[in-house]
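First comes the structure, then the notes that go with it.
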Amino acid sequence: MKNDLYSFIFRGVLTEENLDKNGRMKYNPEAIYYSEEIAKKLNLNEIDEKYIQQSKSMITVFAAVTAFENATRDFAYSVLYDAFNTDWWENGIQKSIKEKALIRKEKESKLRYLSNRGSELLSYVDFEDLSKIMTSSDNWVYFEPYLNDQEWARKIFSDLGNSRNVIMHSGILDEFDITRIGVNIRDWLRQINV
(Lines give C-alpha, C1' and ligand atoms only; values in the text may rest on other atoms or scores of the structure.)
Protein backbone atom coordinates (compact mmCIF):
# COMPACT_ATOMS: atom_id res chain seq x y z
CA MET A 1 0.00 0.00 0.00
CA LYS A 2 2.81 2.42 0.94
CA ASN A 3 4.61 1.60 -2.35
CA ASP A 4 1.44 2.26 -4.36
CA LEU A 5 1.03 5.70 -2.78
CA TYR A 6 4.71 6.54 -3.37
CA SER A 7 4.46 5.38 -6.99
CA PHE A 8 1.28 7.42 -7.55
CA ILE A 9 2.84 10.61 -6.14
CA PHE A 10 6.10 10.09 -8.04
CA ARG A 11 4.20 9.65 -11.34
CA GLY A 12 2.32 12.85 -10.61
CA VAL A 13 5.57 14.78 -10.01
CA LEU A 14 7.06 13.40 -13.23
CA THR A 15 3.92 14.36 -15.15
CA GLU A 16 4.05 17.92 -13.77
CA GLU A 17 7.72 18.26 -14.76
CA ASN A 18 7.03 16.90 -18.22
CA LEU A 19 4.15 19.34 -18.74
CA ASP A 20 6.40 22.22 -17.69
CA LYS A 21 9.19 21.10 -20.04
CA ASN A 22 6.77 20.91 -22.93
CA GLY A 23 5.47 24.45 -22.57
CA ARG A 24 2.57 24.18 -20.16
CA MET A 25 1.22 27.63 -19.47
CA LYS A 26 1.61 28.67 -15.85
CA TYR A 27 -1.31 30.39 -14.20
CA ASN A 28 -1.16 34.05 -15.03
CA PRO A 29 -4.03 36.25 -13.83
CA GLU A 30 -3.30 38.80 -16.55
CA ALA A 31 -3.69 36.13 -19.22
CA ILE A 32 -7.28 35.61 -18.15
CA TYR A 33 -8.24 39.02 -19.54
CA TYR A 34 -5.32 39.90 -21.77
CA SER A 35 -4.75 38.13 -25.06
CA GLU A 36 -1.46 38.43 -26.95
CA GLU A 37 -3.26 37.26 -30.09
CA ILE A 38 -5.77 40.10 -29.89
CA ALA A 39 -3.01 42.54 -28.92
CA LYS A 40 -1.21 41.72 -32.19
CA LYS A 41 -4.36 42.32 -34.22
CA LEU A 42 -4.73 45.69 -32.49
CA ASN A 43 -1.09 46.67 -33.13
CA LEU A 44 -0.46 47.34 -29.45
CA ASN A 45 3.26 46.92 -30.07
CA GLU A 46 3.13 50.31 -31.85
CA ILE A 47 1.94 52.13 -28.71
CA ASP A 48 4.25 53.32 -25.93
CA GLU A 49 4.55 50.61 -23.27
CA LYS A 50 3.62 52.96 -20.41
CA TYR A 51 0.13 53.36 -21.89
CA ILE A 52 -0.18 49.62 -22.35
CA GLN A 53 0.73 49.03 -18.70
CA GLN A 54 -1.80 51.65 -17.53
CA SER A 55 -4.49 49.98 -19.63
CA LYS A 56 -3.59 46.52 -18.38
CA SER A 57 -4.16 47.71 -14.83
CA MET A 58 -7.77 48.49 -15.77
CA ILE A 59 -8.53 45.34 -17.79
CA THR A 60 -10.06 43.48 -14.86
CA VAL A 61 -12.04 46.53 -13.77
CA PHE A 62 -13.36 46.94 -17.32
CA ALA A 63 -14.34 43.25 -17.40
CA ALA A 64 -16.18 43.54 -14.07
CA VAL A 65 -18.08 46.69 -15.05
CA THR A 66 -18.99 45.32 -18.48
CA ALA A 67 -20.14 42.00 -17.01
CA PHE A 68 -22.19 43.83 -14.38
CA GLU A 69 -23.82 46.02 -17.01
CA ASN A 70 -24.72 43.08 -19.25
CA ALA A 71 -25.99 41.00 -16.32
CA THR A 72 -28.13 43.94 -15.19
CA ARG A 73 -29.60 44.32 -18.67
CA ASP A 74 -30.55 40.63 -18.54
CA PHE A 75 -32.00 41.07 -15.04
CA ALA A 76 -34.12 44.06 -16.15
CA TYR A 77 -35.25 42.17 -19.25
CA SER A 78 -36.23 39.09 -17.21
CA VAL A 79 -38.28 41.07 -14.72
CA LEU A 80 -39.99 43.09 -17.46
CA TYR A 81 -40.64 39.98 -19.55
CA ASP A 82 -42.23 38.28 -16.53
CA ALA A 83 -44.42 41.34 -16.04
CA PHE A 84 -45.38 42.12 -19.65
CA ASN A 85 -44.42 39.06 -21.66
CA THR A 86 -43.70 39.94 -25.31
CA ASP A 87 -44.91 43.52 -24.75
CA TRP A 88 -42.09 44.17 -22.29
CA TRP A 89 -40.43 46.82 -24.47
CA GLU A 90 -43.62 48.67 -25.28
CA ASN A 91 -45.05 48.60 -21.75
CA GLY A 92 -41.95 48.52 -19.57
CA ILE A 93 -39.67 51.16 -21.08
CA GLN A 94 -40.27 54.88 -20.80
CA LYS A 95 -40.95 56.72 -24.05
CA SER A 96 -37.84 58.94 -23.91
CA ILE A 97 -35.57 55.93 -23.29
CA LYS A 98 -37.19 53.96 -26.13
CA GLU A 99 -36.76 56.86 -28.54
CA LYS A 100 -33.10 57.32 -27.63
CA ALA A 101 -32.42 53.58 -28.03
CA LEU A 102 -34.21 53.43 -31.38
CA ILE A 103 -32.29 56.42 -32.73
CA ARG A 104 -28.99 54.88 -31.56
CA LYS A 105 -29.83 51.51 -33.13
CA GLU A 106 -30.85 53.10 -36.45
CA LYS A 107 -27.70 55.22 -36.52
CA GLU A 108 -25.47 52.23 -35.80
CA SER A 109 -27.28 50.02 -38.32
CA LYS A 110 -26.09 52.36 -41.08
CA LEU A 111 -22.50 51.52 -40.15
CA ARG A 112 -22.64 48.06 -41.73
CA TYR A 113 -18.89 47.56 -41.30
CA LEU A 114 -19.28 47.73 -37.50
CA SER A 115 -20.57 44.95 -35.25
CA ASN A 116 -23.81 45.88 -33.57
CA ARG A 117 -24.44 45.94 -29.83
CA GLY A 118 -27.02 43.19 -29.95
CA SER A 119 -30.39 42.26 -31.32
CA GLU A 120 -32.45 43.55 -28.38
CA LEU A 121 -33.19 47.24 -28.09
CA LEU A 122 -32.23 47.04 -24.43
CA SER A 123 -28.62 46.77 -25.66
CA TYR A 124 -28.92 50.35 -26.91
CA VAL A 125 -30.13 51.79 -23.60
CA ASP A 126 -27.67 53.95 -21.63
CA PHE A 127 -26.27 52.49 -18.41
CA GLU A 128 -27.89 55.24 -16.32
CA ASP A 129 -31.25 54.54 -17.97
CA LEU A 130 -31.27 51.01 -16.57
CA SER A 131 -31.88 52.36 -13.07
CA LYS A 132 -34.53 54.74 -14.43
CA ILE A 133 -36.33 51.79 -15.99
CA MET A 134 -36.22 49.77 -12.77
CA THR A 135 -37.14 52.59 -10.39
CA SER A 136 -39.84 54.25 -12.50
CA SER A 137 -43.24 54.53 -10.83
CA ASP A 138 -44.75 52.20 -13.43
CA ASN A 139 -42.11 49.48 -13.03
CA TRP A 140 -41.23 49.71 -9.37
CA VAL A 141 -43.92 47.20 -8.38
CA TYR A 142 -42.04 44.56 -10.42
CA PHE A 143 -38.54 45.45 -9.22
CA GLU A 144 -39.31 46.24 -5.58
CA PRO A 145 -39.28 42.56 -4.48
CA TYR A 146 -35.65 42.43 -5.66
CA LEU A 147 -34.35 45.91 -4.93
CA ASN A 148 -36.44 46.96 -1.94
CA ASP A 149 -35.24 50.60 -1.97
CA GLN A 150 -35.34 52.93 -4.99
CA GLU A 151 -32.80 55.39 -3.61
CA TRP A 152 -30.35 52.60 -2.88
CA ALA A 153 -30.69 51.29 -6.46
CA ARG A 154 -30.21 54.78 -7.89
CA LYS A 155 -27.14 55.32 -5.70
CA ILE A 156 -25.55 52.05 -6.82
CA PHE A 157 -26.04 53.05 -10.46
CA SER A 158 -24.82 56.57 -9.86
CA ASP A 159 -21.62 55.36 -8.17
CA LEU A 160 -20.99 52.63 -10.73
CA GLY A 161 -21.90 54.97 -13.59
CA ASN A 162 -19.32 57.53 -12.53
CA SER A 163 -16.57 54.91 -12.36
CA ARG A 164 -17.84 53.25 -15.54
CA ASN A 165 -17.49 56.52 -17.42
CA VAL A 166 -13.87 56.89 -16.31
CA ILE A 167 -13.06 53.36 -17.53
CA MET A 168 -15.03 53.65 -20.76
CA HIS A 169 -13.23 56.90 -21.58
CA SER A 170 -9.75 55.45 -21.06
CA GLY A 171 -9.24 56.75 -17.55
CA ILE A 172 -7.39 55.07 -14.71
CA LEU A 173 -9.13 54.44 -11.38
CA ASP A 174 -7.34 54.35 -8.05
CA GLU A 175 -7.61 51.56 -5.48
CA PHE A 176 -10.39 53.33 -3.55
CA ASP A 177 -12.52 53.58 -6.71
CA ILE A 178 -11.86 49.94 -7.59
CA THR A 179 -12.84 48.82 -4.10
CA ARG A 180 -16.04 50.87 -4.27
CA ILE A 181 -16.94 49.22 -7.60
CA GLY A 182 -16.41 45.81 -6.04
CA VAL A 183 -18.52 46.62 -3.00
CA ASN A 184 -21.33 48.02 -5.15
CA ILE A 185 -21.35 44.99 -7.44
CA ARG A 186 -21.29 42.61 -4.48
CA ASP A 187 -24.12 44.44 -2.71
CA TRP A 188 -26.24 44.57 -5.86
CA LEU A 189 -25.79 40.87 -6.59
CA ARG A 190 -26.59 39.89 -3.02
CA GLN A 191 -29.70 42.03 -3.06
CA ILE A 192 -31.20 40.79 -6.35
CA ASN A 193 -30.47 37.10 -5.79
CA VAL A 194 -33.66 36.12 -4.05
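The values are calculated or read from the model by the stated rules, or taken from the named source; none is laboratory data. Please read these numbers as outputs of a predicted model, since none were measured by experiment. Positions of Cβ are backbone-derived with ideal geometry, glycine not excepted, and every protein chain shown enters the neighbour counts.
Observations on the model:
- Which listed residue, of L173, L130, is part of a helix (DSSP H, G or I) and of a type outside the set (D, E, K, R): L130
- Some residue of the stretch 62-85 being of a type in the set (F, W, Y) and outside any helix (DSSP H, G or I): no
- Residue within the stretch 67-77 that is among the polar types (S, T, N, Q), surrounded by 11 or more Cβ atoms within 10 Å (Cβ to Cβ) and modelled with pLDDT under 85 present: no
- Looking only at residues in the stretch 153-194 that are touching a Ser or Thr at 6+ places or on another chain (Cβ under 9 Å) and of a type in the set (S, T, N, Q), the one that is farthest from F143 (Cα to Cα) is S170.
- Positions within the stretch 105-134 being among the polar types (S, T, N, Q) and crowded, with 17+ Cβ neighbours inside 10 Å, in sequence order: S131
- Per this entry, F84 is counted among residues that are of a type in the set (F, W, Y) and farther than 19 Å from Y124 by Cα.
- Taking residues in the stretch 128-156 that are in contact (Cβ under 8 Å) with a residue 40 or more places away in the chain, and partners anywhere that are of a type in the set (F, W, Y) and crowded, with 17+ Cβ neighbours inside 10 Å, the pairs with Cβ atoms closer than 7 Å and at least 6 places apart or on different chains are L130/F157; M134/F143.
- Here K95 passes the criteria (1) at pLDDT below 95; (2) exposed (fewer than 12 other Cβ atoms within 10 Å of the Cβ); (3) basic (K, R) except the one numbered (1).
- From S163, S170, S137, residue being within 24 Å of T60 (Cβ to Cβ) and surrounded by fewer than 17 Cβ atoms within 10 Å (Cβ to Cβ): S170
- Scanning the stretch 135-171 for residues that are within 16 Å of I185 (Cβ to Cβ) and touching a Leu at 6+ places or on another chain (Cβ under 8 Å) yields A153, F157, S163, V166, I167.
- Any hit, the stretch 166-180, residues being in contact with a helix residue (DSSP H, G or I) (Cβ under 8 Å, 6 or more places away or on another chain) and of a type in the set (K, R): yes
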